[in-house]
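The values are calculated or read from the model by the stated rules, or taken from the named source; none is laboratory data. Keep in mind that this is a model prediction, so the values were computed, not measured. Cβ sites come from the backbone with ideal geometry, for glycine too, and all protein chains shown count toward neighbours.
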Amino acid sequence: MAEQVALSRTQVCGILREELYQGDAFHQADTHIFIIMGASGDLAKKKIYPTIWWLFRDGLLPEDTFIVGYARSRLTVDDIRKQSEPFFKATPEERPKLEEFFARNSYVAGQYDDPASYKHLNSHMNALHQGMQANHLFYLALPPTVYEAVTKNIQETCMSQTSGWNRIIVEKPFGKDLQSSNQLSNHISSLFREDQIYRIDHYLGKEMVQNLMVLRFANRIFGPIWNRDNIACVILTFKEPFGTEGRGGYFDEFGIIRDVMQNHLLQMLCLVAMEKPASTDSDDVRDEKVKVLKCISEVETRNVVLGQYVGNPNGEGEATNGYLDDPTVPRGSTTATFAAAVLYVENERWDGVPFILRCGKALNERKAEVRLQFRDVAGDIFHQQCKRNELVIRVQPNEAVYTKMMTKKPGMFFNPEESELDLTYGNRYKNVKLPDAYERLILDVFCGSQMHFVRSDELREAWRIFTPLLHKIDQEKPQPIPYVYGSRGPTEADELMKRVGFQYEDSSRQELGTMGKSLEPQRDNDQTTLPGVYGKTPQNSKKVVKDTHVRGPAHGHTSFSAT
């Protein structure tokens, strides 16, 4: 096999640009003005400014690009530099380039709801392009509460008056439920065309999430087996090993379902379940994702488990604190920091296959992955020694694709043994620098590609699926199941997965599953939590018992003991 040639970050991004945009979509002769609304905030400091620097450093921005920061705080470019530069990871050799970058930065202070402030911002931008053709790209790194005022003032005052384009990047959350999301979408759509709106979900910029389409549609071996006849279940996982770390006040307003499940995990589900698009055109891809979402019914509470982390008595530092110990979290909050839910895609390809979504904070590891578990081999001749095959796409950390399969145990034996075909990117593509998710996505906006951004009808369907559940949680405030900081989450989530047919027999994972079992919080005797219910609801426990049967494949299933 030929040795892999190490590519620089510039080469990797350059190849990406050439493949997707044929190298001519930048309109290098035009002036481009990148306006960061909310330039004094955390997102701008930690993500947006560093990303723009990386793109500038690697020569991926149009040559005549200016960066304008806008916020209420009275700051200077030097202030912005002091805040953001620690996140740039610039080397001593890059210092001259860094000076060039900040020479192209400017800052304007103003209010978000004051038309006069936007007139001042517009005059500043006009001075930059001096009447020449200019393209304006606005990044709303702001709380949703000011979106309406900001977008209205941008549209009325700051749009490019030349023949250049105007584009706007909107950060999640895109509302809190279907009604608020529709209200926001209707407002923004009244001001901008859909091809000008880029709703960013940074998970769609991650290497392995983008790899899902290539794996599925560029490899013939997967086509015939990617269906209900062969796949027993699909598990989409997002785990963080840390808690809210003093920012629980913000998190408490949304919770883990709104923060992760309704967007990141649901987007990955679409890429797993969608049909092959007519092309890689942005709307062809998004059309197929919308079709998947329309086949998913509203989440049923019997298929949901909610949890909230408590301090680990054997932990150190932050791990000793539970969610309610965060001083910014309201006292007695019932906001979930863990959720597991089962969805079904009701179409010919996926009918009866459970899609299990799991996400949580303060868990035992950092991990995001897609796991497809295949059905048992028919006509077993190895006396039940065979485990189910699995295809795993690991998004983070250490990007990888691997298949778990049975092979003959080496030596004089004639017994099957589980092994892996492993494509870990760090081993296969040594020294290849993968672009950051924000790099890819902001580059996409400059190039006008909306493939990896959320369209309004996608957003509407996603909220349709989760809004009834979220309203029920908001109204009833069920007590989430406590789980220990650093554990795998509530054991009730394992029971839910077992009930819908997931099977795990890997002994090492079983051992993981028992770690910390003695630390499980004691539950009140009169608050029995049943597998598959969305919280402690003792008054309805008998009713729930009768209703625990859920749809699933007609075949029998073997239980698992750990995930």
Q. Of everything in segment 438-470 that's among the charged types (D, E, K, R) and part of a helix (DSSP H, G or I), which residue is farthest from TYR139 (Cα to Cα)?
A. ARG464
Q.
Return the residues of segment 471-494 that are assigned to a helix (DSSP H, G or I) and either touching a Lys or Arg at 6+ places or on another chain (Cβ under 7 Å) or of a type in the set (Phe, Trp, Tyr) (or both); say none if nothing qualifies.
A. ALA493
Q | Unmet requirement for GLN385, which otherwise passes all of (1) in a helix (DSSP H, G or I); (2) touching a strand residue (DSSP E or B) at 6+ places or on another chain (Cβ under 8 Å) | A | (1)
Q) Within the group SER106, SER84, which residue is in contact with a strand residue (DSSP E or B) (Cβ under 6 Å, 6 or more places away or on another chain) and among the polar types (S, T, N, Q)? A) SER106
Q: Looking for whichever is touching a Phe, Trp or Tyr at 6+ places or on another chain (Cβ under 6 Å), under 24 Å from TYR438 (Cβ atoms) and assigned to a helix (DSSP H, G or I) here; the options are LEU128, LEU137. Which one fits?
A: LEU128
(Q) So, LYS276, is that one surrounded by fewer than 23 Cβ atoms within 10 Å (Cβ to Cβ) and farther than 26 Å from LYS472 by Cα or not? (A) yes
(Q) For segment 113-140: of the residues being among the small types (Gly, Ala, Ser) and at pLDDT 95 or above, which is surrounded by the most Cβ atoms within 10 Å (Cβ to Cβ)? (A) SER117
Q: Kindly indicate whether SER561 is modelled with pLDDT under 50, in a helix (DSSP H, G or I) and not β-branched (Val, Ile, Thr).
A: no
Q. Within the set of pairs 6 or more residues apart or between chains, which connect a residue that is more than 16 Å from ASN347 (Cα to Cα) and at pLDDT below 90 inside segment 216-231 to a residue that is in a loop (DSSP other than H, G, I, E, B) and aromatic (Phe, Trp, Tyr) with Cβ atoms less than 6 Å apart?
A. none
Q.
If I filter segment 278-298 for residues that are farther than 18 Å from SER487 by Cβ, in a helix (DSSP H, G or I) and touching a Leu at 6+ places or on another chain (Cβ under 7 Å), do I get at least one hit?
A. no
Q. Just one of the numbered conditions (1) part of a loop (DSSP other than H, G, I, E, B); (2) in contact with a strand residue (DSSP E or B) (Cβ under 8 Å, 6 or more places away or on another chain) is not true of GLY175; which one?
A. (2)
Q. Under 6 Å by Cβ, and 6 or more places apart or on different chains, what pairs join a residue from segment 38-64 that is assigned to a helix (DSSP H, G or I) with one that is of a type in the set (Val, Ile, Thr) and crowded, with 24+ Cβ neighbours inside 10 Å?
A. ALA44/ILE36; ILE48/ILE36; THR51/ILE442; ILE52/ILE67
Q. Of the residues that sit in segment 431-446 and are more than 15 Å from LEU204 (Cβ to Cβ) and not aliphatic (A, V, I, L, M), which one is surrounded by the most Cβ atoms within 10 Å (Cβ to Cβ)?
A. PHE446
**Q.** Count - residues of segment 457-478 that are farther than 26 Å from VAL290 by Cα and surrounded by fewer than 18 Cβ atoms within 10 Å (Cβ to Cβ)
**A.** 4
**Q.** Boolean, PHE101 is of a type in the set (Phe, Trp, Tyr) and either surrounded by 17 or more Cβ atoms within 10 Å (Cβ to Cβ) or within 18 Å of PHE138 (Cα to Cα) (or both)
**A.** yes
Q: Filter segment 479-531 down to residues that are surrounded by 24 or more Cβ atoms within 10 Å (Cβ to Cβ) and among the polar types (S, T, N, Q) and give me whichever is modelled with the lowest pLDDT.
A: THR529
